[in-house]
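The structure appears below as structure tokens.
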Amino acid sequence: MAWFKREKKGIITPTEEKKETPEGLWYKTPTGKIVDTEQLRENLYVSPEDDFHVRIGSEEYFHILFDEGKYKELNRSMKAGDPLRFQDTKKYSDRLVSSKKSTGLNDAARTAHGKVNGQDLMIACMDFRFIGGSMGSVVGEKISRAIDHCLKEKMPFMIISKSGGARMMEAGFSLMQMAKTSAKLTLLAKAQLPYISLLTDPTTGGVTASYAMLGDVNIAEPNALIGFAGPRIIKETIGKDLPDGFQTSEFLLEHGFLDFIVHRKELKDKISLLLTMFKS
């Protein structure tokens with residue numbers, strides 16, 4: 001027998017007994033930084049390595065903003081219909097079912113009210129995981145009913161936008177929500193109740209063209225993509241290169257579309273300060 005010949009197999013563990021590294025232990029930021037997910041959660045989903053703000057949903061925002069994470073949700077069971085019987089590569093009704101199953105959500109927005117540093121606030125927060133945070137009839141109706149509640153209870157209102165725009169599967173029904181929510185916000189303004197709009201990554205399309213830009217105070221998270229059409233479409237349309245940082249929150253702040261940019265760690269205190277200022 002040759003001296004270099006292996007007498008025992010190198011790997012003898014059966015395939016079914018092999019252990020894989022559990023998913024979700026680490027998060028990789030766009031700049032290539034690797035962060036422990038538990039550390040990321042404790043840091044409010046902001047990478048301590050490069051300050052990158054990870055996309056989060058309504059549940060995370062509610063726990064960040066509401067005192068002790070306590071809140072009362074409105075219209076939780078509201079679900080979208082399919083009056084147009086829309087179908088592209090997949091039936092809209094089937095897409096709704098699969099989105100509900102994968103996210104545990106009924107649609108792309110949730111509305112809830114609670115205390116922020118002891119002050120009442122109603123929040124409508126969008127969830128990008130549900131069909132790209134697209135604005136359909138349920139999103140518009142939830143926002144409208146939340147505003148009705150604010151009018152009744154004399155409560156300030158806040159929308160956290162994170163959306164790809166209007167939901168094409170609902171066509172005109174979706175576009176109607178732009179006018180509907182804008183009209184409701186006018187009633188809020190007439191009642192002299194404050195409306196704070198927080199734009200997060202991404203906020204685009206019909207959402208940008210309606211309630212996202214109608215706040216008494218418009219604020220955004222750092223480096224969020226904010227615009228109507230995407231930068232690639234604009235570049236192809238005008239045939240010119242776009243400026244550095246185009247459609248980022250910093251670019252919009254510089255050009256007067258935002259009042260200020262707020263770091264997620266400072267978000268709750270900033271919102272609380274705004275509510276106090278509106279009272280005075």
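For Q192, the stated conditions hold: it is at pLDDT 95 or above, assigned by TED's automatic domain parsing to the domain that holds F86 and more than 20 Å from R76 (Cα to Cα). With respect to the conditions (1) free of Cβ contacts under 8 Å to residues at least 60 places away in the same chain; (2) within 21 Å of R55 (Cβ to Cβ); (3) out of contact with any helix residue (DSSP H, G or I) (no Cβ under 6 Å at 6 or more places or on another chain), A209 lacks only one, and its number is (2). In the range 201-277, counting only helices (runs of 4 or more DSSP H) that sit wholly within it, the ones holding 2 or more residues that are at pLDDT 95 or above and crowded, with 17+ Cβ neighbours inside 10 Å span 205-208, 249-254.
Would you confirm, using the coordinates I've provided, whether V116 is in contact with a Phe, Trp or Tyr (Cβ under 7 Å, 6 or more places away or on another chain) and not assigned by TED's automatic domain parsing to the domain that holds L44? Spelling it out, V116 is indeed in contact with a Phe, Trp or Tyr (Cβ under 7 Å, 6 or more places away or on another chain) and not assigned by TED's automatic domain parsing to the domain that holds L44.
Table: residues versus (1) among the small types (G, A, S); (2) within 30 Å of A80 (Cα to Cα).
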site	(1), (2)
G164	yes, yes
M168	no, yes
P222	no, no
G230	yes, yes
E254	no, no
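Given the condition of a type in the set (F, W, Y), under 15 Å from the mean Cα position of the chain (by Cα) and farther than 18 Å from T248 by Cα, answer yes or no: does some residue in the range 146-168 qualify? Among the residues of the range 146-168, not one is of a type in the set (F, W, Y), under 15 Å from the mean Cα position of the chain (by Cα) and farther than 18 Å from T248 by Cα, which makes the answer no. The number of residues in the range 160-200 that are on the phi < 0 side of the Ramachandran plot and assigned to a helix (DSSP H, G or I) comes to 22.
The values are calculated or read from the model by the stated rules, or taken from the named source; none is laboratory data. Quick caveat, the model's predicted, so the values are computed rather than measured. When we count neighbours, we look across all protein chains shown, and the Cβ atoms used for this are built from the backbone with ideal geometry, even at glycine.
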